[in-house]
Amino acid sequence: MTEQAEIERASHALNQGKFPECAAICAAIVARDARNAVATHLLGLAIKESGDWAQGEQWLRLSVELDPNR
């Protein structure tokens, strides 16, 4: 599966309320590519929606650092 397909799958999981699934997909992407701003953004949203606001915010801030124009 391509990275773009994985991002789309993670986004779909997030939109369906499947936060752990989204987080798992994004964590795998970030493990391979720590500078992937989209994956870090989705990971932050999934973690925040799972109830861990502090860790979610850290990932969201990192996504902005990686791609401030996004």
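The values are calculated or read from the model by the stated rules, or taken from the named source; none is laboratory data. Just so you know, these numbers come straight off a predicted model, no measurement behind them. Methodologically, a virtual Cβ is constructed for each residue, glycine included, from the backbone with ideal geometry; neighbour enumeration extends over all protein chains shown. Accessible surface areas use protein heavy atoms only, side chains included; no ligands, DNA or RNA. Shrake-Rupley method; radii C 1.70, N 1.55, O 1.52, S 1.80 Å.
Mind grabbing the accessible area of residue 63 for me, 1.4 Å probe, Å², rounded to tens?
About 10 Å², ignoring ligands and nucleic acids.
With Cβ to Cβ distances under 15 Å as the rule, what net charge do the other residues near residue 47 carry (K, R +1; D, E -1)?
-1
What's the extension gain from residue 64 to residue 35 if we count 0.36 nm per residue and subtract their Cα-Cα distance?
Working: separation 29, 0.36 × 29 = 10.44 nm, distance 1.08 nm.
That pair, residue 64 and residue 35, stretches by 9.4 nm at full extension.
Give, as a single signed number, the net charge of other residues whose beta carbon lies under 11 Å from the beta carbon of residue 24, with Lys and Arg counted +1 and Asp and Glu -1.
0
Around residue 4, under 14 Å between beta carbons, what's the net of Lys plus Arg minus Asp minus Glu among the other residues? Write out the running numbers ahead of the final one.
On the way: positive: 9, 32; negative: 3, 6, 8, 33.
Residues close to residue 4 contribute a combined charge of -2.
Using bins 5 angstrom wide from zero, how does P(r) for the chain break down, in % of all Cα pairs?
4, 21, 30, 27, 15, 3, 0
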